[in-house]
Every structure is written in structure tokens, then in C-alpha cells.
Amino acid sequence: MEKKTIAIYINDKPYRVEPEQTIMQAADKLGFHIPRLCYHPKLSIEGACRVCIVQVEGVKNYVASCAYPVSDGMKIHTNTQEIRRARRDIVELILDNHPEDCHTCERDGNCELQRLAYSMGIRKRHFEGEKKNYDKDLSSPAVVRDPDKCILCGRCVRICSEIQKVNALRQAYRGFKTVVMPAYNMPFTESVCTTCGQCINVCPTASFVEKNYTQELFEKLSDKSLIKVAQVAPSVRAAIGEAFGIPPGTAKEKETAAALKRMGFDYVFDTQFSADLTIMEEASEFLERLQGKGKLPMITSCSSAWMKCMEQFYPDLIDNISTCKSPMSMMGSLLKTYFPEKIKTAPGKIFSVAVMCCTAKKYEAQRPELKINGLNGVDIVVTTREAAWMIKSAGIDFLNIKGEEFDHPLGLSSGAGAIFGTTGGVMEAAIRTAYELYTGETLLDIEVNDLRGLKGIKEGKLVMDGKEVRVAVAHGLGNACDLLDIVRKEPDKYHFIEIMGCPGGCVGGGGQPYADANSIPLDEDCLRLRAKALYDLDRSRTIRRSHENPDIQRVYKEFLGRPLSEISHKILHTHYSKKEPKGIIPRGLVRAR
Amino acid sequence: MVKPLDIIRKKRAEAINRIVGKGYLSTKRVYVGMATCEIAAGSKKVMEVFKEAVNKGLTDVYLSQKGCAGRCNLEPTVEVIEEGKIPVKYGKINEERAREIIEKHLKGGKTIEEWIIK
Amino acid sequence: MGKNKKKKEFVITLCDGTACIHNGSKEIKSGIEKQLEKHGISESVRIILSGCLGMCDKGPVLIVNPGYTIYGRVTEKDIPEIIESHIIGGKAVSRLVIDEDHLYNRFFRVFGDVGFFGRQMRITLRNCGIIDPENIDDYISLRGYEAIAKVLSDMKPGEVIEEVKHSGLRGRGGAGFPTGLKWEFTAGQKSDEKYVICNADEGDPGAFMDRSAIEGDPHTVIEGMIIGGYAVGSSKGIIYIRAEYPLAIKRLEKAIKDSRRNGFLGENIFGSDFSFDIEIRLGAGAFVCGEETALIHSIEGSRGMPRPRPPYPSVNGLFGKPTLINNVETWANIPVIILDGADWFRKVGTEKSKGTKVFALAGKVKNTGLVEVPMGTTLREIIFDIGGGIENGKKFKAVQTGGPSGGCLPEKYLDTPIDYESLAKAGSIMGSGGMIVIDEDSCMVGIAKFFLEFTQNESCGKCTPCREGTKRMLEILTRITEGKGEEGDVEKLERLGNLIKKASLCGLGQSAPNPVLSTILNFREEYEEHIKDKKCRAGECRSLIGYEINSKCVGCGACKRVCPVGAISGTPKNPHFIDKAKCVKCGQCYEVCKFGAIDKK
């Protein structure tokens, strides 16, 4: 049956559109891009910025096109002089209360407000006056909050409550004094913030940015007394190209390794290697639990934001969490034990840097329980964005650089390690290895399509020697919470659960390159393309199962012994504990919108 | 089912009985304004004066409170109602004036013209 | 009667509504006066002109008190008989007596002889000042809970909605949306759960209509809500009231308890299969929570911020369920509409605005207080006839209607009949019913600034125009009142004001510029004077005034003694002098001078 359509007029021209959509949605499909700011397709309609206003004949006031539904015969005007001026004045009002420091701002060049101001044609100010003046919150090791740059679009508040369901942020005070803050205006680091960094991703300005360690890192890179070692997370290579204008979906693996070496690192290792290591440990741990030693379902522990989320909101499930450290921290552990032994140097000489898609890894790196013989496994974490900036700042021609391999002995990885960077990847990789460890047979059909894609909660089943194993995957803390609410009710429903804190998994991490001028942050197509880049890498590898990685086998032979050995437990496993910051909203009281 | 209208009629008869039982049919009914605004203007003390008088044997007076009728700048207000006469509304009543109302009006039967709201 | 007659024994209330005037009430008034004079009893009978008494089809109407005898269809010829038989002889003229038993009559039995009240028409406040609000028997004795009994006995939910629609009642919270339609929309939604909310979050500075209504007669609101719950198919009512109203809350709590005990609330009301109960939620005093979507968020436990509509609460309201929200005054009308009938209710008011409206009359007017008058009453009647005119013989300058986001209307609007449309046309709003009278001593720029300061402080901060725009307007107004106004400032105020009005998310922002825009429209010259001549004609803007001692000074030294900064010099019995450089313009010298020797310029 043909879909019902209605007639609308935009700027006096007739169009037929589907009913039950907003003016903005209808206009988008017809090629009218109404300017917008607080709108985000993944979030609830805020209607706050009023930039997307249009005129509708017969309606006294301007209407926010993001919120107002089309109706039959509606006559819409998107571009009259009157509405242009109204929009311009609104954007000027935002600018008038915004620091004029574009040149020195981190978001210079990819700031949505800047673009908007340009397209509005604001060349003169009419209403300038007092500007807000707050201190930056630098307390968190991962996320910096700068209320002065906040334009109160509410995207951070919404992503934190609606997508992540953490509810760390809310508007406070009234009128001109309105400001976004954590509960009780606590320092960020003491709040419920999980440091996932999604607020950074969606912030149109630089009100949220990662804690920047680039200067400190440049400093260390020039310190000749140190051995500078980098590791690179899987999803960094899937997205770093975007920071250099390369369309999403192209993996820049060897280029990244080459660039980091040129920047001054003595060794560039691959977090995908330690991802393989994680699989060895985690799959073994799962099989132990499956045999009655420990609680089921077992829940993965790779995602740092997810770990803090769990400690705060689901401490009752701590025993279900895998004791495995994340791949980054496993690498860190090896870098302060196995590796210095191998190159015959003191562990303290190793300066360990992680290039991550993630802001929460900055927080993870500082967790005291992850220390190795008193040393941090990872000394500095920089995000994809910071790394890209450093490459540019160091004058390295990333676009034309010749790729190089990661270094031995911690640089070789399987395809299973690569797909760690996308939702479902850890589970898929674990299945590949667990199946073989359990049955003694090699799993042939290794691509688990049920676990791929951007559905919030994905489920899968596999049969190992006649035993049915039920698995589930959630990405984004909100979906994770929904899944765990199921687990609380039905503890036997699943055996194994993968959880990633960010939408799309690590490819959608809080440290990934900002969206370019023509796209929206966390655009699903972009996330799919980044994931595809990793799946392509997996397919291009000859070794696609973690346990087949010869360097992994060597580490076990030379150093660890076997998975879950005593030394493994000492350096590759950890524990978690209940955290009770102020401002936890009980799950039952949070209303989904 | 008994009709709700019949129920409420019965309840009304009962309510009126209870009110009458409290002395509603007394010669004089005195109402003291006891809304927030009236209280802020001092009506609680005025009420105390009337209560005390009733307790001390001021007979044939039905004392009650009421909400604010809305005559702000003349609060606290006190109404004295006698059957067959125009109800008397006093404005700006304090303790002293309340005592005078008790003496002159309630006991003596003479209204105090200058305090009457017109 | 003789010579020892008591003074002012009778009060004759004569309906002065439009219909009655049309039918000759003016002639009747002079007729009565003549008769009284003839009998020499003018002293003992007071005549009060009232607003419409709602008995238009039986007009002209006059009421004789005590006794509350209502005469209808009175002609001039009937006057001598009424005077001789009733006033002198004490015997009512039974052929003219009409039987009009309306709920509001009781109020007039008690208060009808007072000019301030006699000219009003009390429908929603009918029991305020009449009953003991803490005694449910008082309410029941005045036909309380009869309306819900009637509804449950004889009316289907659809019939209740039809009755409310037919009454023409419109929301008294400010916007004036037809109440019946709102009910119909909510009733039309299919949902397992629906909510009925009473908005008692009265936040306007100087407004106390809702508080007085609840404190004076809490059961009316409760009964209205029960009827609303029955009509739309809801079993859960919530009264959202600000925590700053402890007495109102206490009385509501008691009323709800008493109502439950009598079976008016709770399971199977009056033995029917309709169940409904009410709980109270307290607001923290944010003005914006009077906006319905913000109010809903607040009840849900979120920050009180409005959201875009549609969807309206009638479709997607509290906890995502269809929700019927009306304010206190609207609810208080419902039992009256049910018992006295929509046909009767419709007779009161104007063509598009039916019934009465309560105003909180305040400012520079002699009689401040609560005024409930039929829609269509003029501002002049309210301010001068009921309010008694301006205090201290000053000149009327403007009246600000609709609370902090209403407009200031000058003298030329005094004869405008008030309803939703006429006020909007004049550049103001009905709002929730604030009415502040301004006299010649007030600076209109200062007034605009005062109100805008309030709305800027109370803006929820969500949408740009309201949050940022009102701040900029406030800055401009501040500099104008400080003598730093610039050419073009008025135009900037207009540009921002119109933007905020048309682009803001909710009613708060959409009406916030009204005080500024309306004062620019009606008092533009005052703005110009402030900016160009650096003058404030009302002498209120401190930066723009100065004090000087004129030749009337006798050298008493009072001003010198009172000056806090020692700016006044002079020797006893000689003219004194103010050092303008030192003067902080506190005005204490001006106040203390007994000789008019200090000029404020």
C-alpha cells in the first residue's frame, strides 16, 4: 500500500510529505537544512536553543521546527528576512555570553557555534553585556568542564541521562545564572561521572573537553633517559584518519604506528596484542565459571567507564565481573614486567603511553589497584584527538606517510584483537577462543553476525559440546543498565555478557575525532563505517583467533606460563569495589523519555 | 444503589445538625478571619481574645473562623452576624478592639460604627 | 420609624450590569432616591450599585438587605410600593420577589452591603470569608459535594464535559484555553492511567488569589477535581502547591482527609464504581513551575523546566500519561457550573469570556484586596468603583495586569471591558489575575525594569531568548535608569522584546517582555526623557535626580542632622546648602523638611 502523504508548503512551494514527522525532518528530506544547535537525532527534543525556528502561517509565534509536527496544508517559511533576523539575533545572544577566544580554543575549526555564527552572517554585535564567569573544573583525570563555554543546549545532560543513564549532569540555578553541573556542584571527579566522555562528543563547543596531556607527553618524548613506549587501541586506527579529513571507514593502522614512531616513541606496540591476551585470560576464566568455579553470567571488564558505572549502580553484580584487566592495562602490566626484563632494563625506565579512543582510560590508568610493583602500568593516556593533534603539531605528514609495522615483541595481533574496538567484538573474539579451548575443535564459522551492528542489546547462542551457551552484548551505558536490570531479574538468562560503555563500542569512544562540518556527532553511519574498518582488518588477517597469535603463545611460554596462572592473576587480573559518590539516582526513579 | 444525591442530602442534614449543635442558632455569630494574610496581620491574637471571652462565660455567641474575604488593607477582619440585621464586618481589629467589640457589641448590643467596613 | 431610628438600617443593592442598565436600572436608582427623600429616610438606607448579579433575564434586579430579598423585573412604578411596604413597613412585596437560589448568594447576604464586595460577583470565592474552611460540615451545609453527587447520580462523563464546554469556561491560569476542550482531549485518550492536576503554584509577586481560595474554601477545589476525574476517566488527582503556603497546605490536607472520611474521595465514591483520590505535591517556589510542562517535570522529580508542546499534557503528561491540568480558580468554577448550570454560567461575562475572574488588586489604590468580577467589567470599575480610586488624591497613571509578565495600560484603556481578548489586544494579558495600580509617582521605566528583573531571575534558563535576551534587556533598562542610556536603546529593547515574545519556548518567555514593550508603547516619552534629557519625571531613578534647597529654608537644621553623608552645610536660621558631589540622593532631607524647602529635580 502506498504511504499516506500530506501537502505542505515550504517557502510558498508545495510538497508532499509523510505525516507524523517534525517540520525539521520533513524539510531535511526536501533539501532545506534549517539551522539548528541543541537538536540531536539520538536525543530527546529539547527545544532550547530556538535556532531552528521557522514561521508557520496562522501561528502567532515562531515555532521550533525540531519539535513541531507537520500537518496537512501547513505553510512554512524557513528563510524570510524576519526569521533570518530572529535566528541571527538568537545566535548573537548566545555569542554575547560566550568567551571570544576562538583562536585559542580547542574546538577552533570544528565548533558548531562558530559555524553557525558564520552562516548567520553575524558581523556586528548589538546586545553585548555581562558574560558568565566560572572556574573550570579540572578535578577529573579525564573530562574537563568549562561552564564559560557552555551554551546550555543540554546535549550533555541528555546524552548522560538518556543514552548513558548515568545522570551526572543537570542544569542548576535560574535565569542568566543557569549552569550545567554535577549534583551539588561537586568536583567532577567526586561525582557519579563515569568519564565516558560522551558529553565531549556531543558538546557543540568546548564546554567539555578531555583532560589534555599532550604537552606533558611532548616533554617526556624529549627525555632521553626514558624508554618511550606507545600502545594503540584498535578503534584509534579506525577513526584517526577522520581527523585528517579522510572519510570514515578507512583503517590507518600502519600509518598510525609510523607516525607515532616519528613522533619520538622508541617502541610502538599494539593494544590488539593485549586484546588477544585478554581473550586468553577471559575465555579461560569463563570456562572455569562455566564449570562451577565462580558466578555466572560473567560480564566483561574491558570498558573503564562501564567499570565505574557498575561499581556505582550495580555493586551487587561485582562478583559477576571478569577479573581480567582491560587490554590497555594488561599491556601496561607487561610493559612494567615482561618487557623490561626482555630488553634488560629497569621497569622504572619505561615510560608507558596509551593512545586510546577513550577518555575513561585516563581515569583507569590512575586506578591504584592496577599498579604493578608500585608503578603505573600506563603513565599517560592520550585520546585519538590528542594523538592526531600531536601528529599535526609535530609536523608529521600523516596523509602521505608510509606505513610501518608495530614493534615486537608486543605488536603482533590477530583479527580477533582488531574487532575488540566495536560492540560485540570482544564476545565474538572470546567465542572463537573459548569454543576451541572447551571443545578442542576449531570454530570454523567465526563471524557472529547476531552480535554485530548497532542494536542496543544483542543476543546470541552457541552450542559447545552439546552445552548451550547464551550470550548478550550491550553498548552504551544506558543499554548496559537495561541489560543488567534483566540480569537482576533473571540471573540465569545469560552465561556471558559483553558490555561497552560507549554507543557503538570503542569506535564511538569519548576520545574519537569530532564530527566534521556536515555530520552530527555519534552519527550511526559513521559508527558503522568505523566498525567496518575493523571488520575489514579482521578479514585481512591470516590469524583471526587470539590463541593462534604466535607472540601470545610466546608470552605464555616465556613469562606467564598458562592462562590464569599465578603470575597472570598477579599482573593481569584485578578486583572491583562498590563506589558511592553523592548524586546516585536510584534506577527506579529515573524516567526514560 | 442509593442515589448519591440522596446520600448528600442526608449528609447535609447531618452536617447542619452538627453545626446547630455547636450553637449556630445563638443570638450572635462571630467569625474571625484566619487566613495567612489575616494571621500575619494579627488575627490569631484576636481569636484568642474571643475564645477567652467565650470560655469565661460570654454566652449565646457562636465563634468560628473563616478564610479571607479579600479586603486586604483592613485585616484582621471580624464578622458579627445577628439574625435579621445586616451582618457587621469590622476591619483592622486588634486585641484591644476585640475586647471592646466584646464589651460594647456582643454584650452591650451596640455596634462600633467607626470600625465597620463599608 | 421616627427620629430615633437607627442609622443605615437597610442596604439596597441594585444591579448595575449592562443588561440591567439597559432595562432601566439607572432610572430605578433615581426613583429610589426620590422616594427615600420623600419619606425622609435617606439616612437609613444605603444604595449600592453592584456588578452583574447574573440574573439578567429577570432584570432590573435589586436586593434588599437584611433578609436578602431579591426583587426582579422592577420598574420605576414599583419603587414607591417597595419603599413603603418593605423599607418602612417591613413587609416584602411578594409579587416582585424572585426566587434565585445561586451558590454565590450566601456571600452577598453577609457582604453585599459593603461597596467593595457589593459590586463584585463571587462565584469561585463564594464561600471565602463565609465558612470555616477547616470544617467540612460548613461546606456541606452550603450544598458542598452536591455537584459531584449530582454528576454521579445523573450524568455520564460525556455529559459533564458537554456541560463544561457549554459553560464557556476558559482556563483561569492565564492563557484562557477553553476548559471543556481540554477535558474532552484528555477524556479522548485511551490509557490505563490518567492524572488530574490542580495547579496551585501561584508564583506571581503580589498575587494571592489561589492561596486565599484554598485557605478560605479548600473543598471547592477538591470537589471540582473529583468531577474532572470522573469526566476524563482518571482516578488520581494531584494538587501541586508551593511549599511557601503552609496554611493552605494544612487546610488542604485536612479537607482531603475529611472528604475521604465522608466517602467523597477514595474507593467507590458515593457507593458508585468511580474511585478517585488526591495527593498533595509541594513545589519549591520556582515561578516557572506554574507552566504546565515544567510543573509536570517537577512532580516527576526532575528540574522544573518546560518542554515544547505538542504533545500537550492531555496526550502525554505526568509520567507520560494523559493529564488534565487546571488551576485553582478554574477548578473552583466547576461545582457552580454543575449545580447552577452552564446555561446560567454563560449569562455572566462577555461573548468570548464567560463567568468571573478574580483579581488581586494592589498598588496605589485605596482598597486593596481580592476582587471577583464578571468578565467584561471595565478597569475603571475595578480600580475606581471597587478599589476606591488612587490613594492620597494622586493621579492614575497606569495599571499593570497579569502579573510580572503583563503589560502596563494607561488611562485610555480604563473603559475597556476586560476579557482575554481585549487585554491581549491592548498589549497586556489576563495572566492569573494580578492587578497593580500605578500612580504618577512611579517611573514607568523603573516599573518595567522591576518586572523584568523578576522574570529574568525566574527564567528556567533553558531557552536562549528568555535566558539571554531578558538579561540584555535588563542591562539596557538598568543603564537607562542610571542615566547612561544611549540613542537606539529603545529600538534595541523593542527588537529584543519582540524576538523573546515570538521565539521563546514557554509562556514565561513569551510574555516576559510585555511590561517593557507596553510601557514603550504607552509611555515612550518617559524612555526618551531618561535617555536624552537624563530626567526621570517621577523622580524615582536616583541617578537622575538631585536635591536642592530653595529660598523657603528657615535654617532649622533638620536636614543637616538627618543627612548620612554630611552633604548639607549651613548655620542655624540661615539657608542651608546641599553639596551635590557628596549627596547620595537618599532623600532623607526631602522627607524630613517641614517647610517644602527642598526640591527634588
Fill in the blank from the handout: Scanning region C:305-317 residue by residue, those crowded, with 24+ Cβ neighbours inside 10 Å and either of a type in the set (A, V, I, L, M) or within 22 Å of residue C:204 (Cα to Cα) (or both) turn out to be C:305, C:306
Practice task
For region C:326-346, state whether one or more residues are touching a helix residue (DSSP H, G or I) at 6+ places or on another chain (Cβ under 6 Å), surrounded by fewer than 24 Cβ atoms within 10 Å (Cβ to Cβ), within 20 Å of residue C:255 (Cβ to Cβ) and not assigned by TED's automatic domain parsing to the domain that holds residue C:414.
Solution key: yes
Exercise for the section: Tell me, please, whether a residue that is charged (D, E, K, R), over 16 Å from residue A:234 (Cβ atoms) and surrounded by fewer than 18 Cβ atoms within 10 Å (Cβ to Cβ) can be found in region A:315-326. Expected result: yes
Exercise for the section: Being touching a Leu at 6+ places or on another chain (Cβ under 6 Å), crowded, with 18+ Cβ neighbours inside 10 Å and closer than 21 Å to residue A:114 by Cβ narrows it down to one of A:209, A:202, A:180, so name that one. Expected result: A:180
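Does residue C:132 count as assigned to a helix (DSSP H, G or I), within 11 Å of chain B (Cβ to nearest Cβ) and farther than 21 Å from residue C:198 by Cα?
no
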Exercise for the section: Report the residue count in region C:485-499 for those that are farther than 20 Å from residue C:428 by Cβ and touching a residue at least 40 places away in the same chain (Cβ under 8 Å). Expected result: 4
Practice task
Determine whether region C:96-111 contains at least one residue that is part of a strand (DSSP E or B) and basic (Lys, Arg).
Solution key: no
Completion exercise
So, first residue under 22 Å from residue A:153 (Cα atoms) in region C:306-320, second residue assigned to a helix (DSSP H, G or I), Cβ within less than 6 Å, six or more apart or across chains; the pairs are C:306/C:293; C:306/C:294; C:307/C:293
Handout entry: Criterion: in contact (Cβ under 8 Å) with a residue 40 or more places away in the chain and among the hydrophobic types (A, V, I, L, M, F, W, C) - qualifying residue of A:153, A:160
Key = A:153
Practice task
Evaluate the following for residue C:211: is it without any contact (Cβ under 8 Å) to a residue 40 or more places away in the chain, more than 30 Å from residue C:154 (Cα to Cα) and of a type in the set (Lys, Arg)?
Solution key: yes
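Residues checked against (1) within 12 Å of the chain's Cα centre (by Cα); (2) surrounded by fewer than 18 Cβ atoms within 10 Å (Cβ to Cβ); (3) in a helix (DSSP H, G or I); (4) on the phi > 0 side of the Ramachandran plot:
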position: B:5; (1), (2), (3), (4): no, yes, yes, no
position: B:30; (1), (2), (3), (4): yes, no, no, no
position: B:37; (1), (2), (3), (4): no, no, yes, no
position: B:79; (1), (2), (3), (4): yes, no, no, no
position: B:92; (1), (2), (3), (4): no, yes, no, yes
position: B:103; (1), (2), (3), (4): no, yes, yes, no
Handout entry: Total residues in region A:48-77, condition free of Cβ contacts under 8 Å to residues at least 24 places away in the same chain, at the interface with chain C (Cβ under 9 Å from one of its Cβ atoms) and surrounded by fewer than 24 Cβ atoms within 10 Å (Cβ to Cβ)
Key = 2
Handout entry: helices (runs of 4 or more DSSP H) contained entirely in region A:488-593, each with at least 2 residues that are under 25 Å from the mean Cα position of the chain (by Cα), in contact (Cβ under 8 Å) with a residue 12 or more places away in the chain and surrounded by fewer than 17 Cβ atoms within 10 Å (Cβ to Cβ)
Key = A:524-540
Handout entry: Residues being in contact with a helix residue (DSSP H, G or I) (Cβ under 8 Å, 6 or more places away or on another chain) and more than 17 Å from residue A:305 (Cβ to Cβ) - total across region A:361-381
Key = 7
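Hey, does region A:290-299 have a residue that's over 24 Å from the mean Cα position of the chain (by Cα) and either polar (S, T, N, Q) or surrounded by 24 or more Cβ atoms within 10 Å (Cβ to Cβ) (or both)? It would help to see each step written out before you state the result.
First, the residues of region A:290-299 that are over 24 Å from the mean Cα position of the chain (by Cα): A:290-297.
Those left that are additionally either polar (S, T, N, Q) or surrounded by 24 or more Cβ atoms within 10 Å (Cβ to Cβ) (or both): A:291.
Looking for residues that are over 24 Å from the mean Cα position of the chain (by Cα) and either polar (S, T, N, Q) or surrounded by 24 or more Cβ atoms within 10 Å (Cβ to Cβ) (or both), one finds at least one in region A:290-299, hence yes.
This table checks each residue for (1) under 16 Å from the mean Cα position of the chain (by Cα); (2) at pLDDT 95 or above; (3) not polar (S, T, N, Q).
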site: C:378; (1), (2), (3): yes, no, no
site: C:387; (1), (2), (3): yes, no, yes
site: C:393; (1), (2), (3): no, no, yes
site: C:406; (1), (2), (3): yes, no, yes
site: C:429; (1), (2), (3): yes, no, yes
site: C:435; (1), (2), (3): yes, no, yes
site: C:449; (1), (2), (3): no, yes, yes
site: C:452; (1), (2), (3): no, yes, yes
Exercise for the section: Among the residues of region C:228-259, count how many are among the small types (Gly, Ala, Ser), buried (at least 17 other Cβ atoms within 10 Å of the Cβ) and within 29 Å of the chain's Cα centre (by Cα). Expected result: 7
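Would you say residue C:98 is surrounded by 24 or more Cβ atoms within 10 Å (Cβ to Cβ) and either facing chain B (nearest Cβ under 7 Å) or not small (Gly, Ala, Ser) (or both)? Full working, then the answer.
Working: surrounded by 24 or more Cβ atoms within 10 Å (Cβ to Cβ): no; either facing chain B (nearest Cβ under 7 Å) or not small (Gly, Ala, Ser) (or both): yes.
Criteria not met by residue C:98.
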Exercise for the section: Considering only residues that are in a strand (DSSP E or B) and of a type in the set (Val, Ile, Thr), look in region C:23-77 and name the one that is modelled with the lowest pLDDT. Expected result: C:48
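Among the listed residues A:80, A:104, identify the single one that is within 13 Å of chain C (Cβ to nearest Cβ) and among the polar types (S, T, N, Q). Give the steps one after another, and end with the answer.
Values: A:104 fails: within 13 Å of chain C (Cβ to nearest Cβ).
Only one candidate qualifies: A:80.
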Problem - Residues that are touching a residue at least 24 places away in the same chain (Cβ under 8 Å) and among the aromatic types (Phe, Trp, Tyr), drawn from region C:69-119 - result: C:71, C:104, C:108, C:116
Practice task
Sort through C:63, C:79 and tell me the only one that's under 17 Å from residue C:16 (Cα atoms), of a type in the set (A, V, I, L, M), out of contact with any Pro (no Cβ under 6 Å at 6 or more places or on another chain) and within 14 Å of chain B (Cβ to nearest Cβ).
Solution key: C:63
Problem - Residues that are within 17 Å of residue A:174 (Cα to Cα) and surrounded by fewer than 23 Cβ atoms within 10 Å (Cβ to Cβ), drawn from region C:476-509 - result: C:507
Exercise for the section: Look through B:107, B:89 and report the one residue that is of a type outside the set (A, V, I, L, M, F, W, C), more than 14 Å from chain C (Cβ to nearest Cβ) and touching a residue at least 24 places away in the same chain (Cβ under 8 Å). Expected result: B:107
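If a residue must be surrounded by fewer than 18 Cβ atoms within 10 Å (Cβ to Cβ) and not in a loop (DSSP other than H, G, I, E, B), how many such residues does region A:262-286 contain?
The initial filter retains those residues of region A:262-286 that are surrounded by fewer than 18 Cβ atoms within 10 Å (Cβ to Cβ), namely A:262, A:264, A:266.
Then drop every residue that is not not in a loop (DSSP other than H, G, I, E, B), which leaves A:262.
Count: 1.
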Fill in the blank from the handout: Exception for residue C:483 within (1) modelled with pLDDT of 95 or more; (2) away from every other protein chain (no Cβ under 11 Å); (3) assigned to a loop (DSSP other than H, G, I, E, B) falls at (1)
Problem - region C:428-473 - residue that is among the polar types (S, T, N, Q) and part of a loop (DSSP other than H, G, I, E, B) and, of those, farthest from the other protein chains (Cβ to nearest Cβ) - result: C:442
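The values are calculated or read from the model by the stated rules, or taken from the named source; none is laboratory data. Being a predicted model, the structure only gives us computed values, none of them experimental. Positions of Cβ are generated from backbone atoms using ideal geometry, with glycine treated the same way; all protein chains shown enter the neighbour counts.
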